[in-house]
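Q: Mind looking over this structure? Questions follow.
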Amino acid sequence: MDKTYDKLDIIFEMQKALDTEIESRRSLSFSKSEWIQKEVLAIISELSEVLDEANFKWWKKHEEIDDAKLHEEIVDVLHFFISMCMRAGLDADTLFELYKQKNLENLNRQHGKSAVKNYEEV
């Protein structure tokens with residue numbers, strides 16, 4: 001069966017190649033749990049850098065956002081997120097399907113059409 005590749009498939013393949021290269025070059029070997037913890041910590045660190053680029057410090061002089069730097073930090077978050085997905089056993093297709101399901105559920109919650117309550121407008 002020929003698989004049609006989309007951008008998400010390509011991102012997963014590129015991240016797999018990068019992770020394999022880093023693990024090999026640095027002789028890294030951690031348990032699944034340890035890898036997930038490391039990925040979460042890396043994402044938190046990168047999100048902090050996104051926050052810094054967005055000038056969240058109201059006590060400092062406001063600077064215009066450097067879009068190039070902001071975009072770079074957001075892409076760094078994506079790198080670690082995709083890596084964590086793969087370590088958790090998610091491929092691009094499964095992530096996409098789970099995203100669609102959760103997105104529909106979140107929309108249904110906003111319209112009071114979910115078994116989960118307390119999301120409706122007040």
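Q: For LEU90, only one of the following conditions fails: (1) part of a helix (DSSP H, G or I); (2) in contact with a Leu (Cβ under 8 Å, 6 or more places away or on another chain). What is its number?
A: Status for LEU90: all satisfied but (1).
Q: Filter the stretch 93-122 down to the residues that are hydroxyl-bearing (Ser, Thr, Tyr) and not in a helix (DSSP H, G or I), then identify the one that is surrounded by the most Cβ atoms within 10 Å (Cβ to Cβ).
A: SER114
Q: If ASN55 satisfies every condition in (1) at positive phi; (2) in contact with a Leu (Cβ under 8 Å, 6 or more places away or on another chain) but one, which is the exception?
A: The failed condition is (2).
Q: So, in the stretch 87-114, exactly how many residues are out of contact with any helix residue (DSSP H, G or I) (no Cβ under 6 Å at 6 or more places or on another chain), among the hydrophobic types (A, V, I, L, M, F, W, C) and touching a residue at least 24 places away in the same chain (Cβ under 8 Å)?
A: Matching residues across the stretch 87-114 total 2.
Q: Next question. Checking GLU53 against (1) surrounded by fewer than 16 Cβ atoms within 10 Å (Cβ to Cβ); (2) over 23 Å from ILE22 (Cα atoms); (3) not β-branched (Val, Ile, Thr): exactly one of these is not met. Which one?
A: Unmet for GLU53, out of (1) surrounded by fewer than 16 Cβ atoms within 10 Å (Cβ to Cβ); (2) over 23 Å from ILE22 (Cα atoms); (3) not β-branched (Val, Ile, Thr): (1).
Q: Can you tell which of GLU63, GLU23, GLU73, GLU34 is without any contact (Cβ under 8 Å) to a residue 40 or more places away in the chain and not in a helix (DSSP H, G or I)?
A: From the options GLU63, GLU23, GLU73, GLU34, the qualifying one is GLU63.
Every read-out reported here was derived from the displayed coordinates using simple, explicitly stated rules and does not represent laboratory data. Quantities reported herein were computed from a predicted structural model and do not represent experimental measurements. For neighbour counting, all protein chains shown are included, and Cβ atoms are generated from backbone atoms with ideal geometry for every residue, glycine included.
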